[in-house]
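Following: one structure in structure tokens, then a few remarks.
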Amino acid sequence: MATEPDQMAAHSASQEIPMTMNSAIPEGPMAEKWTRHKMASKLINPKNKRKYKVIVVGSGLAGGSAAASLSELGYQVECFCYQDSPRRAHSIAAQGGINAAKNYQNDGDSVHRLFYDTVKGGDFRSREANVHRLAEVSVDIIDQCVAQGVPFAREYGGLLANRSFGGAQVSRTFYARGQTGQQLLLGAYSALCKEIEHGNVTMHPRTEMLDLVVVDGQAKGIICRNLKTGAITRHAADAVCLATGGYGNVFFLSTNAMGCNVMAAFRAHRRGALFSNPCYTQIHPTCIPRSGDYQSKLTLMSESLRNDGRVWVPKNKEDSQKAPGDIPEEDRDYYLERKYPSFGNLAPRDISSRAAKEVCDEGRGVGPEVGGVRQGVYLDFAEAINQFGQATIEERYGNLFEMYQRITGESPYELPMRIYPAVHYTMGGLWVDYNLMSNLPGLHVLGEANFSDHGANRLGASALMQGLADGYFVAPATLPNYLATQKPGSVTTDHAAFEEAEKAVTERLEKLLSIQGDRSVDSFHREVGLLCWDNCGMERTKEGLEDALAKIPKIREEFWSNVRVPKSGVSSFNPELEKAGRVADFIDFAELMCIDALHREESCGGHFRAEHQYTEEDQKDGLGEVGEAKRNDENFAYVAGWEHTGDPSHPRLHKENLEFEEVKLAVRSYK
Amino acid sequence: MSSPANSLCGFLASSIGRKWIVAFTGLILVGFIAGHLTGNLLVFAGQDALNAYAAFLHNFLHGGAIWIARCVLLGSVVAHIYFTILLTRANRAAREQRYAVEVTQKASSGSKWMILSGLLILTFVIFHLLHYTVRVGAGFQDLPLDSEGHFDVYRMLILGFSNVWVSTFYVISIAMLSWHLSHGVSSMFQTLGISTPNTRQLFDRIALGFSVLTFAGYTSIPLAVLTGWVA
Amino acid sequence: MVSIKGQPNLLHLTLKIWRQDGPDDKGHFVDIDAPGIPTSASFLEMLDIINERLIGEGKDPVAFDHDCREGICGMCSLVINGVAHGPEKATTTCQLHMRSFKDGDTIHIEPFRAKAFPVIKDLAVDRSAFDSIIRGGGYISVRTGAAPEANNTPIPKPVADAAFDAAACIGCGACVAACKNASAMLFVAAKAGQLNSLPQGQAERTARSLGMVQAMDKAGFGNCTNQYECEAACPKEIDRSWITRLNRSYTAAFARKSLL
């Protein structure tokens, strides 16, 4: 069977690792756990710190802030990113804002309330202790960023401004116009540059991690490819931190950057790290729809548009290709207002996303036909413009309308906008304990790459918070717990494990180049991505997932026998080769995601199984609202941790049971 | 802590430092252009006024002032040119390969031809100095002294500009100078860090106004001579 | 524009694309006949289509830099018909769409050209010189955890707003590409200006101004001749007045350091 050359090598490494899912949650009351844990954590003498070397892969909010903070503490840090500069990591694209329990608005916010909202928003599938810590350090993040010169929005008195975001009842979101992620990242990047200048951080831009090196069951280094020269390099360290972001690009089309990929996390998974809850993916309801088969990515637009826009599609399929103005009022179906009269156009993200999919699947979607379907619904501002005047609407949404027009060439003042849901965040990730360490000792995972804080769904403006919390405050405090048990510099790149890993990496690259088939890398990515989108996207069914699981191995087989990667060599700049490695992992990862989605016989947060939703009868009985996700707390209140067995089609499941001390399990209701 | 001399070398080696020198020497030369023009326009006030002014310049501080001024001006010209050469060489080196398609979106025409206009101005200055200051072979040495016993600058000027070729070259050169100034003066405000978003437009207008005045003022003299208005 | 029937209008273009094997290769233009380009595709999607065709023909695809494709990461570049980021104002290449071109057009596509931005391959260039400038002082030295309470220092809204205008820079390098001298002044001025104008940035103001300019000069950028092509090309419309401020703060920093 055509498959990866290093399959068995990775497997044999994973065999030696004892599988534990000990979350290492500290004792004591929830509000004191983090303080107690810091007190109980090991310290390393300042003189000894500089003997330890830490590898940080990724330079976004989590990686950049971790690399800078660890360096400030005195550790030697090597930081890696695939972009040409650490400033370009995809954290930069976050628009909305960052939450923090500062309670500057005197509206009743507190650490406990942020903690509670996050656990509830995550549909009770996150680990309470981690979330509480996140809420605690949120306040320090704002102080840190302001001191770095991040230009947050301010009020006329000169103090920081806040807004309410993502349906939160309190205004706790700090923002910098629509570019909060960019500004926070530039803050972390400037701190990183300062440390590079001081000589404590060695930065490796345009360098991609291709494998994790595990020595005696512990993560001790990585194998990289210099994307500019193609050189394969070995890097040894006393600990490895992965901050490599999420896997949204498994769907091919998402709001992620083109380069975002799962390779680092997935390579670690193949080396023995457990991958948790890959089926938890988040869909954003207001993105600009696809305009053709050539579409390379999707662009998100602020959800605030739904405050004034009315969502509709034609009542009759036949009208789908008519101009919107030619469809009379009586032939329009304002389906959200019709189905969910209490929410109307502001129905929760997942509900409105699924409703859009439903009408498009019925053939009533609008906009250009792509792959035989019209995937788009109207978001109409005509009424709002009539009511408030164009000037008011322009004031509220001018920049968004401009962005929409730039991309689609249509003016939302004249034609209704077209929107469609898209993937934009992934809650699943490598399993970590309270110290952010995976089951592989020494391997720490930060930010979107880990599974820890958002449960099955993430609240708006919480991704930035988590990335920076992990990087600035958590990892620097918890890493010594591992490092103190290690003799610094005990493993060098001469070790046999480096030899083996480098050989595996080289063989894999050579294999990719040697196939010289007929199909481009992108064509495979598109195929597996659209399959995932259709069958493991915003609505999943047993049949759909089984169908995907039947098809993915075939895609893999064809990939490894028919992909064409330009032969300009291993040892030179070759973006197609980079993509090929990433797509190969996406194919395997897609399988893991579908397996996870199939096994989780419940609906929760971003994982919606059509079989598990509240019915009319349930609603009458007061159990939950029609169409809402129906959790199964009895059987599924656990974190799934998937172990690689050597056969990507048959991973082994481990479970970490979730216990809720502070927050009572309840059915989500946003009424 | 570095010594001032060290720092000065650092400043002169830096891009902004060098530009600052070019701008500052430019400012001195702009001052000269304004002063020289004001003095020359005395030609319209008559022979006595102009010759008295010339005599004053030559005798001020027992004749020392003019030499101080000449030294400052010469120094400024040399520094202006020297640092421009350094900057231009660095600019050429910074873009080794040019674009196949070159498009200008904002740069003014004056700004694009500063080197050319500057070189023409230099040629003119040399000619002008030889012509009216050193008075090489124009027969100016033979002019009689005026009624006050001063050198008759007034008649020299009329005699000089009566030559159509001299006047034509003069007018073309002044046009070059004004073109140079149209960018140079506004650029000076920018490089010296004086301009602000609120004053930018004002400074641009001052630059334009100054160039127009320079052109009108200086060319009025040969035109007046050629048309016989001043005789 | 996408017609209502959903069939995109198609363009037939002639592309003149710069191909260069590596930094030491001389490089040359290659003509590519490009029929069937949808007007609703972005410029980079157009290049994706071209690359897909090249791969199909067994040829080497065109290398170009790109990542977020939503105009914020600053990774995309290209000089399109002589203009950095192409013909639309305040628009990065990734946000430029083919509807800005006409059927039958010839499009020259060149890399950002500057000695400080060596070509890696084809249209991809190395802009790490910008990182070296930030390392020269584009930061406020505050240790993690040492920050005072955020609201202790009120910052007047106009000051904060102005700092944001400068902070909007995405570090794409279009300013360098557009400048006939390949000067990085607009970038350096925006980055230094943001921090120099905030109260938090005052302590290191002198060192920052001197350090960043020194790093800029060392990287081999040219000198600003105040022609403001950078301002015209900047996708984030950073104002030239930041350059005035940098000129001022650099000279003042020099004076403070050497004379006081």
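So if I check each of A:Gly246, A:Gly230, A:Gly221, which one is buried (at least 24 other Cβ atoms within 10 Å of the Cβ), assigned by TED's automatic domain parsing to the domain that holds A:Thr478 and touching a Ser or Thr at 6+ places or on another chain (Cβ under 6 Å)?
The unique qualifying residue is A:Gly246.
Cβ contacts < 6 Å: first residue within 8 Å of chain C (Cβ to nearest Cβ), restricted to the range A:254-272; second residue among the aromatic types (Phe, Trp, Tyr) and crowded, with 24+ Cβ neighbours inside 10 Å, any location; separation 6+ or different chain. Result?
Pairs that qualify, where the first residue is within 8 Å of chain C (Cβ to nearest Cβ) and the partner is among the aromatic types (Phe, Trp, Tyr) and crowded, with 24+ Cβ neighbours inside 10 Å, are A:Gly259/A:Tyr82.
Tell me which of these A:Ala191 doesn't satisfy, since it passes every other one: (1) away from every other protein chain (no Cβ under 14 Å); (2) crowded, with 24+ Cβ neighbours inside 10 Å.
(1)
Checking the condition surrounded by fewer than 18 Cβ atoms within 10 Å (Cβ to Cβ), under 18 Å from the mean Cα position of the chain (by Cα) and not small (Gly, Ala, Ser), which residue from B:Leu181, B:Leu213, B:Leu202 passes?
Residue meeting the stated conditions: B:Leu213.
With respect to B:Phe60, determine if the residue is part of a helix (DSSP H, G or I) and modelled with pLDDT of 95 or more.
Taking the combined requirement at face value, the residue does not satisfy it.
Looking only at the range A:628-649, which residues are surrounded by fewer than 20 Cβ atoms within 10 Å (Cβ to Cβ) and more than 18 Å from A:Leu592 (Cα to Cα)?
Passing the criteria: A:Lys630, A:Asn632, A:Asp633, A:Glu634, A:Asn635, A:Ala637.
Conditions tested, residue by residue: (1) among the aliphatic types (A, V, I, L, M); (2) in contact (Cβ under 8 Å) with a residue 24 or more places away in the chain; (3) in a helix (DSSP H, G or I).
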| residue | (1), (2), (3) |
| --- | --- |
| A:His112 | no, yes, yes |
| A:Ala135 | yes, yes, yes |
| A:Val139 | yes, yes, yes |
| A:Gly167 | no, yes, no |
| A:Ser171 | no, yes, no |
| A:Gly181 | no, yes, yes |
| A:Ser190 | no, yes, yes |
| A:Lys194 | no, yes, yes |
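Any chance you could count how many residues in the range C:12-50 are more than 17 Å from C:His97 (Cα to Cα) and not hydrophobic (A, V, I, L, M, F, W, C)?
13
How do the pairs read when you match residues in the range C:231-255 that are more than 16 Å from C:Gly173 (Cβ to Cβ) and facing chain B (nearest Cβ under 8 Å) with residues anywhere that are modelled with pLDDT under 95 and surrounded by 21 or more Cβ atoms within 10 Å (Cβ to Cβ), using Cβ under 7 Å and keeping only pairs 6 or more apart or on different chains?
Pairs found: C:Thr244/B:Ser195; C:Phe254/B:Phe11.
Tell me which of these A:Phe124 doesn't satisfy, since it passes every other one: (1) touching a Phe, Trp or Tyr at 6+ places or on another chain (Cβ under 8 Å); (2) part of a helix (DSSP H, G or I); (3) more than 14 Å from chain C (Cβ to nearest Cβ); (4) not polar (S, T, N, Q).
(2)
For the range C:115-135, indicate whether the set of residues that are surrounded by 24 or more Cβ atoms within 10 Å (Cβ to Cβ), more than 12 Å from chain A (Cβ to nearest Cβ) and more than 30 Å from A:Tyr175 (Cβ to Cβ) is non-empty.
yes
If I filter the range A:515-538 down to residues being under 16 Å from A:Leu598 (Cβ atoms), of a type outside the set (S, T, N, Q) and more than 18 Å from the chain's Cα centre (by Cα), which single residue comes out as surrounded by the most Cβ atoms within 10 Å (Cβ to Cβ)?
Going through the qualifying residues, I end up with A:Leu531.
Among (1) crowded, with 24+ Cβ neighbours inside 10 Å; (2) part of a loop (DSSP other than H, G, I, E, B); (3) in contact with a Gly (Cβ under 7 Å, 6 or more places away or on another chain); (4) not acidic (Asp, Glu), there is one condition A:Val213 misses while meeting the rest; what is its number?
Unmet condition: (2).
Restricting to the range A:292-317, and then to whatever is among the hydroxyl-bearing types (Ser, Thr, Tyr) and at pLDDT 90 or above, can you tell me which residue is farthest from A:Asn399 (Cα to Cα)?
By that ranking, first place goes to A:Tyr294.
Go through the range C:137-167 residue by residue and tally those that are out of contact with any Phe, Trp or Tyr (no Cβ under 9 Å at 6 or more places or on another chain), more than 7 Å from chain A (Cβ to nearest Cβ), under 30 Å from C:Gly86 (Cβ atoms) and not acidic (Asp, Glu).
Number of matching residues: 1.
How many residues are out of contact with any Phe, Trp or Tyr (no Cβ under 8 Å at 6 or more places or on another chain), closer than 22 Å to A:Gly108 by Cβ and within 8 Å of chain C (Cβ to nearest Cβ) when one looks only at the range A:132-170?
Here the count works out to 3.
Among the residues of the range A:43-62, count how many are among the aliphatic types (A, V, I, L, M) and surrounded by fewer than 24 Cβ atoms within 10 Å (Cβ to Cβ).
Number satisfying all stated conditions: 2.
List the number of the failed condition for A:Asp293; all other conditions in (1) away from chain C (no Cβ under 14 Å); (2) in contact (Cβ under 8 Å) with a residue 60 or more places away in the chain; (3) surrounded by fewer than 20 Cβ atoms within 10 Å (Cβ to Cβ); (4) not β-branched (Val, Ile, Thr) hold.
(1)
When you scan the range B:34-53, do you find a residue that is more than 14 Å from chain C (Cβ to nearest Cβ) and not in a helix (DSSP H, G or I), even just one?
Yes, the range B:34-53 contains a residue that is more than 14 Å from chain C (Cβ to nearest Cβ) and not in a helix (DSSP H, G or I).
Among the residues of the range A:403-418, how many are surrounded by fewer than 22 Cβ atoms within 10 Å (Cβ to Cβ) and assigned to a helix (DSSP H, G or I)?
4
Please pick out the residue among C:Asp60, C:Asp103 that is in a loop (DSSP other than H, G, I, E, B), modelled with pLDDT of 95 or more and of a type outside the set (A, V, I, L, M, F, W, C).
Criteria check complete, one pass: C:Asp103.
So, in the range C:8-65, how many residues would count as being within 29 Å of A:Thr229 (Cβ to Cβ) and of a type outside the set (Lys, Arg)?
Qualifying residue count, the range C:8-65: 35.
The values are calculated or read from the model by the stated rules, or taken from the named source; none is laboratory data. In this text the structure is predicted, and so the values were computed from the model without any measurement. Virtual Cβ from ideal backbone geometry, glycine too; neighbours counted across all protein chains shown.
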